[in-house]
Amino acid sequence: MTESTQLITALDAAHERIEALARQQIAGMPLPELLVAGIAEAQAMLRIMLENEHKPYASDADLLELWKTLVKGKPHWNTIRDNCRELIYYQNCLKAERQDALPAQPERMVIHTLRHIFLYLRSHAEQNQEG
């Protein structure tokens, strides 16, 4: 299996996990739990890309640190910056008990944001596929 095929396979597995989260969200998964799982999934996707690009990162790096590592020398990764920041914003709103500052349907937005990150990463992988 080529490196690009492995990358696409890993991203497709992430997509399956996102869709499983979407089903849990529809079934009523509470926002705090959904957000923890969503941020973990976003981190996993960025780690997949960092490993593919052979960029070292701290094992305890948070989502924004992972993004910062990914974007160094590759400004096209700025495309997903706002998506990463949005997930952290939701997390900070919950920590500060400021649910009033969240968007109208934050649970749906978490899934939407994860799908956007996935689609950009998957498109990038397809465009840079070997052979």
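Ala20 versus Asp62, label points 7 Å from Cα toward the beta carbon: distance in nm? It works out to 2.6 nm between the two label points. Look at the alpha carbon pairs under 8 Å that are at least 6 residues apart: their mean separation over the length of segment 62-131 gives a relative contact order of 30 percent. Each residue, Glu33 and Ala104, gets one label point 7 Å from its Cα in the Cβ direction; the gap between the two is 2.7 nm. The mean accessible area for residues of segment 28-131, using a 1.4 Å probe and ignoring ligands and nucleic acids, is 56 Å² per residue. Taking a straight line from the alpha carbon of Lys95, these lysines sit under 25 Å away, with near neighbours fewer than eight places off in the same chain left out: Lys68. With the highest mean first, a sort of the peptides 2-11, 49-58 on other beta-carbon atoms found within 10 angstrom per residue produces 2-11, 49-58. Bridging of Lys55 to aspartates and glutamates at a Cα separation below 16 Å is possible for Glu3, Glu65, once same-chain residues fewer than 8 apart are set aside. Counted as membrane-span-like here are DSSP H helices of the chain whose alpha-carbon atoms extend 20 Å or more along the helix's own axis and whose Kyte-Doolittle mean is -0.5 or above; these are 3-26, 31-52, 106-127.
Shape call for segment 39-91 from the C-alpha gyration tensor, a ≥ b ≥ c root eigenvalues: rounded (a/c under 1.5), prolate (a/b greater than b/c) or oblate? If you can, show how the numbers build up before the last one.
Working: a/c = 1.95, a/b = 1.28, b/c = 1.53.
Taking the square roots of the gyration eigenvalues as a ≥ b ≥ c, segment 39-91 is oblate.
Applying a DSSP loop filter and a limit of 14 other Cβ atoms within 10 Å to the GluC sites (Glu not before Pro) in segment 70-122 leaves Glu97.
Using the alpha carbons alone, the radius of gyration of the chain stands to its Kirkwood radius in an Rg to Rh ratio of 0.98.
The values are calculated or read from the model by the stated rules, or taken from the named source; none is laboratory data. Quantities reported herein were computed from a predicted structural model and do not represent experimental measurements. In this analysis, Cβ positions are derived from the backbone assuming ideal geometry, glycine residues included, and neighbour counts consider all displayed protein chains. Please note that ligands, DNA and RNA were not included when accessible areas were found on the heavy atoms of the full protein model with its side chains. Shrake-Rupley method; radii C 1.70, N 1.55, O 1.52, S 1.80 Å.
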